[in-house]
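As structure tokens, the structure follows; a few thoughts come after it.
Only the coordinates and a few stated rules stand behind these numbers; no lab work does. Note that this is a predicted model, so its numbers are computed, not measured. For neighbour counting, all protein chains shown are included, and Cβ atoms are generated from backbone atoms with ideal geometry for every residue, glycine included.
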């Protein structure tokens, strides 16, 4: 019994020992299992959750290249204005210029607005900045030309640059706008890439009013979003466009700049119109015109020769049947046109409005035995008229262009028209009676133009 008790006691002690020691490994194992899970979750975090590191930015004094002491104050006041604008931008840690006073005196910062790599790294370390904003300005009080550059301290590379022009009273606002437009590039977030070429090349390229260089410019970093892009070249007509640049997207634009000579050129045109009379006694008839003229930027002055036929048939019911009297007027007109072109830089269509005046002769013909012959009863008439013109010219900068046009022609004079009038009583033959008719009408038509260099 003692042995049994003793054996049981040992077993019980061993079993209790095992119970006491099992609890520790289980909690330890659970802890070990949690560690890899945490590590895995950190390693597999989506890239979209990563935020760009906050960039430290220092704005140093700008270089005065005007040669005028009266403008020396801009070297420090302009950077203060730029600093104030950048201070409002998220993702940028601005180095206070007040804390840089001694450093600015210790190192020669102003070297025509440029830095060598050694200076850039040195100043960056002293100011604890990742990016330096440097600048220089020239010109005069009426036209300050300011150049801004964002320089990467680590590499010495220029990340972004802007050139703005404004009188001294407006240069602060222009500098602030330029700094804000550079902010997305400086912060490294939400930027895209814009490339602009032109035909011809060598044109000045402006993005949101800031000069970014001459075409072609390739992969210029810009804030994501919509931008107004303008391309301007001497002796050419500037072109504007609104271009949307996505995040990390590459957008390209290659406009053609028409020569300004195209605003002052000679043209020749052929047109056809539907003549829609206001009088019910005249039918809708065709009118054809040939014109030539000269464009003086916003003004077109031209001459025209026009002709066609104006039908004024009469159908009369008589006791003997229907009497068909087929007649037409044939006008020969010479006219002048004066048009105003409000939008000379529109490339795809160009509206215009103006006035015209014309005069000429009108002869009447009637149909006999299947052909038209002179109407001896109606004398040749002298007519004149005038009215407004409205039109749209399509592809105005090409060698050939199409146009549509509407006119309202008012003729103060009338022309003779003989009508058959039935006689009273049964079987009476109709008699001819002289009437007057007005030829005023609306005209709708179009044609094509050929431009001479």
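Computed quantities for the displayed model
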| read-out | value |
| --- | --- |
| Computed label-point distance, nm, for sites residue 395 and residue 313 using a 7 Å Cα→Cβ extension | 3.9 nm |
| Per-residue Cβ neighbour rank within 10 angstrom, fewest leading, 162, 399, 260 | 399, 260, 162 |
| At 0.692 mPa s and 37 °C, Stokes D of segment 261-452 from Kirkwood alpha-carbon radius, µm² per second | 178 µm²/s |
| Relative contact order, percent, segment 197-258 [alpha-carbon distance under 8 Å, six or more residues apart] | 36 percent |
| Footprinting exposure proxy for 443, 182 (fewest neighbouring C-beta atoms within 10 Å first) | 443, 182 |
| Whether segment 190-257 is rounded, prolate or oblate, judged on the alpha carbon gyration tensor where a/c under 1.5 counts as rounded | prolate |
| Contour minus Cα-Cα distance for residue 421 and residue 266 (0.36 nm per residue) | 50.6 nm |
| Segment residue 384-residue 363, extension gain: residue separation times 0.36 nm, minus the distance between their alpha carbons | 6.2 nm |
| Ranked list, fewest to most other Cβ atoms within 10 Å of each Cβ, for 170, 74 | 170, 74 |
| Spacing of the two label points (7 Å from each Cα toward its C-beta) at residue 256 and residue 431, in nm | 6.9 nm |
| Estimated Rh, segment 338-453: Kirkwood, alpha-carbon pairs, angstrom | 18.0 Å |
